[in-house]
Amino acid sequence: MPSNFQPQEQTFVLALSSDQPLNPALVNEEFCRYSGVIPMDWELARDPIYTPQLVQLAYQNNITITAQPNRILFTEMTANKEKVEYRAAQLARRFAAALPNLKVQAFGFNPLGHAQLGDTKEDVRDYLNQTLLSPGAWQNVGIEPVRPQISLAYTLEERRQLNLTISEASLRSDAEVFTPVVVFSGNFSYTIEGEAAEACRASMLRALDRAPEDLDFFINLINEKFLAVASVAPALIPAFA
């Protein structure tokens, strides 16, 4: 019986207009604090990274802000957190409010997590190769079993799309024990409407408001459409005397 899907990380991506690139140096620690993007009592987990093409601020609550000329990313490790504790979406909203003339031309919400389907990597590969994919000669090339990475694209309501990637991985514990898992990586992309910065920001905020609902959709999709298949798959394999 597979474990339920466990969300581990979420990222909100603000893709900026190519004709109005951002100077990453603007997104420094002082700006984020005194503009109200982050609370004043947040503490850095490590020294900030400042380069001409990238600024990164990592905080002790497992939230990271990454600024590049063409995009801003708000990443949060959500493992062992309740949904009411999630903060990355609030940061994205505050950032958009702090820079009202920033033109966002695209917006993405990227959830990521994993599920365990057995104790060995063979269990994971059997699920990918025998359950999600039809067996074929193409799987028996080389000196080791093929390691598939499956990419799917779903067109959803309200002008948004979900791109889903499924792959295998191993999680390492503090005791140096490796646990094989199936990783489900999602990208919800939303159409941003409007020409002026204000209209684009309003469209982006509407998409941002959908994030909790889309996260629930993503979790249910994995549990009900992918992992539920794993629990019944053995009954579909004929037994030969």
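The values are calculated or read from the model by the stated rules, or taken from the named source; none is laboratory data. This one's a predicted model, so the numbers in the text were calculated from it and none came from an experiment. So basically every Cβ, Gly included, is an ideal-geometry build from the backbone, and we count neighbours across all protein chains shown. Protein only, heavy atoms only, side chains kept; ligands, DNA and RNA dropped before computing areas. Shrake-Rupley method; radii C 1.70, N 1.55, O 1.52, S 1.80 Å.
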Please work out how much accessible surface Ser167 shows to a 1.4 Å probe, ignoring ligands, DNA and RNA, in Å² rounded to 10.
20
What ranking, highest mean first, results for peptides 213-220, 151-158 when packing means the other Cβ atoms within 10 Å averaged over each residue?
213-220, 151-158
How far is helix 197-209 tilted off the main Cα axis of the chain, in degrees rounded to 10, range 0 to 90?
40
If you count only protein heavy atoms with a 1.4 Å probe, what accessible area per residue comes out for the chain, rounded to a whole Å²?
56
Dipole magnitude of region 114-231 about its Cα centre (Cβ charges: Lys, Arg +1; Asp, Glu -1), debye to nearest 20:
240
Can you tell me which of 191-200, 79-88 comes out highest on packing, and rank the rest after it, using the mean Cβ neighbours within 10 Å?
191-200, 79-88
Select one label from (i) 19.9; (ii) 20.4; (iii) 18.3: the one whose number is Kirkwood radius over Cα pairs in Å as derived from the coordinates shown.
(i)
What part of the accessible area of the chain, given as a whole %, is carbon or sulfur when the probe is 1.4 angstrom?
51
